[in-house]
Amino acid sequence: MNIEDRLQNAARAVGELWSDPVDTAERLCRVQERLAQQPVPTPVESTLHRATPPKPSAGERPLSEVAFLTVAEVASVMRVSKMTVYKLVHNGHLPAVRVGRSFRVPENAVHEYLRETYCEAEAL
Amino acid sequence: MAPTSVEFARFFTQWDPHVRRYLIWLEGDSGVLDDAAQETMIAAHQYWDRVSSLENPKAWLFKVAQQRLSKARTARLRHGISTDPHELPGRVGHRDGLAQREERLTILDAVRKLPQQQATAIALQLQFDHPLSEIAEIMGISTGSVKTHLHHARATLETLLTDVDGAA
């Protein structure tokens, strides 16, 4: 059997997974339980490729005051390579705005990321 | 505005299996996959206004699923818990014989070894039969890049699967 047929067969087999309505209902219950446990949503979403800029909530700086850093500047602040910064942006760990072919990262997002990972490192 | 429970249940029933079938091409750890899929659906609930306004939320869901997968992997790594990577979630159907299951695991394992972009492109094409333009939209790249990723993915898979068959 050639590779293409094997890939198609695997795709067909995967297509049959999770088709049991009883299982789906169980998974829905689990998600609804989790939603019930977190009444106040604290969404963390990457702004990568976002069409409209995020609205600043109360207490946040308005967009006009947000300083944006280039990837090279972020790399310099974090003392890592530019490639590491690109990976963070692509993985969604660091929100960024796409400007043409380059990225701009909000300064506060870098501080937020460092604070978050610092706390996580402490917890290890 | 949050969805009603009926609205969300309908959405969940329609899209959760698709998200999981997409993620299984990228992740073999059933615990990580489950976490990522759950988080994706929770994100859809939180961003309901945006998600419900989309004609086809697949691109949004898959993009978020990929981000949540990355977070779930990091979290699982940090907590040091790992489930059996060969444990496939979901109930195994009657037609799913042992040989077919082994074959599927071999193929999925090979796809997961590919670079992320290549694995994503091949998963979207094989599993959902998306046209190149839709894969490009979901991945946020050009159709030319999608073609390149698919070409390299197939070439690498051929080598990987031939090696596996040779070893067997």
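The values are calculated or read from the model by the stated rules, or taken from the named source; none is laboratory data. The structure presented is a predicted model; accordingly, all values stated were derived computationally and were not measured. Heads up, the Cβs are rebuilt from the backbone with ideal geometry, glycines too, and the neighbour counts pull from every protein chain shown.
Candidates are the residues of segment B:53-88 that are among the hydrophobic types (A, V, I, L, M, F, W, C) and more than 23 Å from B:Phe128 (Cα to Cα); the one that is modelled with the lowest pLDDT is B:Ile81. For segment B:103-118, filtered to residues that are free of Cβ contacts under 8 Å to residues at least 60 places away in the same chain and within 22 Å of B:Gly144 (Cα to Cα), the residue that is nearest to the other protein chains (Cβ to nearest Cβ) is B:Gln117. Scoring A:Glu112 on the criteria (1) surrounded by fewer than 18 Cβ atoms within 10 Å (Cβ to Cβ); (2) more than 15 Å from the chain's Cα centre (by Cα) leaves a single failure, condition (2). The residue that is surrounded by the fewest Cβ atoms within 10 Å (Cβ to Cβ), counting only those in segment B:99-110 that are hydrophobic (A, V, I, L, M, F, W, C) and more than 11 Å from the chain's Cα centre (by Cα), is B:Ala99.
Rundown of residues vs (1) surrounded by fewer than 17 Cβ atoms within 10 Å (Cβ to Cβ); (2) modelled with pLDDT under 90, yes/no style:
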position: B:Gly90; (1), (2): no, yes
position: B:Lys113; (1), (2): yes, no
position: B:Gln117; (1), (2): no, no
position: B:Ala121; (1), (2): no, no
position: B:Asp129; (1), (2): yes, yes
position: B:Thr143; (1), (2): yes, no
position: B:Val146; (1), (2): no, no
position: B:Asp163; (1), (2): yes, yes
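For A:Arg98, state whether it is among the basic types (Lys, Arg), at pLDDT 75 or above, in a strand (DSSP E or B) and out of contact with any Asp or Glu (no Cβ under 6 Å at 6 or more places or on another chain). Yes, satisfied. Of the helices (runs of 4 or more DSSP H) contained entirely in segment B:3-76, those carrying at least 2 residues that are surrounded by 17 or more Cβ atoms within 10 Å (Cβ to Cβ) and within 11 Å of another protein chain (Cβ to nearest Cβ) fall at B:5-23, B:30-46. Scanning segment A:1-33 for residues being facing chain B (nearest Cβ under 8 Å), in a loop (DSSP other than H, G, I, E, B) and not hydroxyl-bearing (Ser, Thr, Tyr) gives a total of 4. Name every residue in segment B:13-24 that is without any contact (Cβ under 8 Å) to a residue 60 or more places away in the chain and within 16 Å of the chain's Cα centre (by Cα), in order of residue number. Correct list: B:Gln14, B:Trp15, B:Asp16, B:Pro17, B:Val19, B:Leu23. Residues that are surrounded by 14 or more Cβ atoms within 10 Å (Cβ to Cβ), touching a residue at least 12 places away in the same chain (Cβ under 8 Å) and more than 17 Å from B:Ser70 (Cα to Cα) within segment A:74-107 comprise A:Val74, A:Val77, A:Met78, A:Val97, A:Arg98, A:Phe103, A:Arg104, A:Val105, A:Pro106, A:Glu107, listed in sequence order.
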